[in-house]
Each structure stands twice: as C-alpha cells, then as structure tokens.
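Quick note: the coordinates plus some simple rules give every number you see, no bench work behind them. If you're wondering where the values come from, they're calculated on a predicted model, not measured in any experiment. With ideal geometry, Cβ positions are generated from the backbone for all residues, glycine too; neighbour counts draw on all protein chains shown.
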C-alpha cells in the first residue's frame, strides 16, 4: 500500500470532481479539498481525503475517501466510525464516506455496514460507508464510465485482456487536451500499475508521443543512442559513448530529484530538460544535483542553472 498511497492521494486531489461524480452521481456541482487534522482528540488523526462537495440543489456535504491495503494497524470499521463522527462534529454537515481497497484480498470481508448492540439485543449504534474493492473490479467497468481520471486506476483492477484494454486507455488519455493534466494522468497510470509487462506495453505506446515521460523504457531507449560508437568498433566512438552515457545519467538523476521534490508542470519540466541538454560538464552537473537537493523551490534551482 505504501507504494500506491501517495499516487492515489495525488490523483484524487488533482481530479476530485471526476471522482466525486463517480462516487456520488451526477448531482455534483463543485468540489473543494478540505483536508485537515480531525479534532478534538488527544491523538490527532488525518483522513486520506476530505472534500467539500456542493450538489446541484445547493446542499453542501463532506465526502471522505480512505485508501486501504491488505494490512491496517486498526480495523477499518472503527477507523471510519472515528472519521465520520469527527467530520460531522467539525462541519455539522451530511457525510458520505468511501473506503477504496487496494491489493488482492484487501477488505474482502468488509461490506461497509456495522453495528453495536446492547445486552437486550437492540442496536444502539450503526454506521455504514461505501466499499469499493478495486482488485475485484473489471477494467472494462472503468472504461465504460468514460472519465479519463478513472483510467489511471486500471492497473489496480482486473485486466484480463491487456492487449485490448491498454491501447484504449492510452488512446483516451492522449485525447486529454490539457498537457499538464495529460502528463499527470499518464504518470499516475504508470505509478499505480503493478504488472511489469503492462508497464512496458504502456511505455512503448507513449514513447513516440510529445509526452516523453522519464520512464524505464524511455531511459533504455535514450541509452541505446549512446551505443552507436561502440557498435562501430571505433575506440573514439566507445569513448564518446561512455562520456555521453555518464552525462545522460547525471541528467536523469537531476530530473528525478526535481520531479520528486517539486512536481513541476510539464512545460516547466520540458524547459528544464532542454536547458540541461546543453550542459555536459560533469562538474557543473554535480553542482546542479546538489542545488536540486538543497533549493527551496524551482525558481532558485533555475537561477543557478541559468548562471552556470
């Protein structure tokens, strides 16, 4: 769950309206994130995602979404009860809670309906929440919903026919008009994909797009370009290949650090990538790597890069 937790949270935050409509229906008019620590409590807790959702009839409710893998430090029903009660106490609104189980077998016994009875057998407390087992869902179901943001979850569903499903997913994501949103969706799709063969299939399909993500396949594709001199059997070519390969590795390390620390938009990412392509001095590249780790923001990094 650790490897999918952050990509899931980022995906649902970036495309909150699409996911709210999926979970609540077409009556959703607008969505606003309101993630806060839930108080009062001796021990602060934080839900994965909480959104203010305005419905078409003007009502405002809180949509709470929690992601859960196979293991949980606390039984999910009690966690959700805690979340629901604190959200209701904080906002004094209607609350809809959804638990999305990720990973085969996760939450297999959870139906989302729970109660506590008194000694006389009467129910004194009951609560419910919606349960979605992504690992039980067929990939075709997400395709039919016709919402690009949901397609990034395909890798967590049952993909029985990758050769048929994945080209459809890539085709629809390519059609997203906004470059930045399209890039985020492709990144989320790959981050939430567990099957290496399917990852390779997707990377091959997007390799020729304008959106060239820094993925393992594309790294291999770039590295192959440095082998031409070696294949010719020329000592000069071999030396050139080694130097260029080293420079390329520095470029990739820099881009990895910048992407992890600052999550730049695609236009900014491409601008930095283009600027780095003109810098081949290893000393300068090592200086930039240190700067990437220590800079407070991208502007500070770009100032150093531009003045090298």
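As a proxy for reagent exposure, 83, 91, 269 were ordered by neighbouring Cβ count within 10 angstrom, fewest first; the result is 91, 269, 83. How far is the Cα center of region 152-200 from the Cα center of region 58-74, in Å? The distance from the Cα centre of region 152-200 to that of region 58-74 comes to 24 Å. Treating r as the C-beta distance of residue 265 and residue 126 and R0 as 41 Å, the FRET efficiency rounds to 0.35.
With both labels modelled 7 Å from their Cα along Cα-to-Cβ, the residue 304 to residue 281 distance reads 1.5 nm. Exposure proxy for 256, 48: other Cβ atoms within 10 Å of each Cβ, ordered fewest to most, give 256, 48. The simple Förster model, with R0 at 35 Å and r as the Cβ-Cβ distance, assigns residue 174 and residue 27 a FRET efficiency of 0.70. For the pair region 275-308 and region 93-134, the centres of their Cα atoms are 51 angstrom apart.
Averaged over residues, the count of other Cβ atoms within 10 Å places the peptides 166-173, 10-17 in the sequence 10-17, 166-173, highest first.
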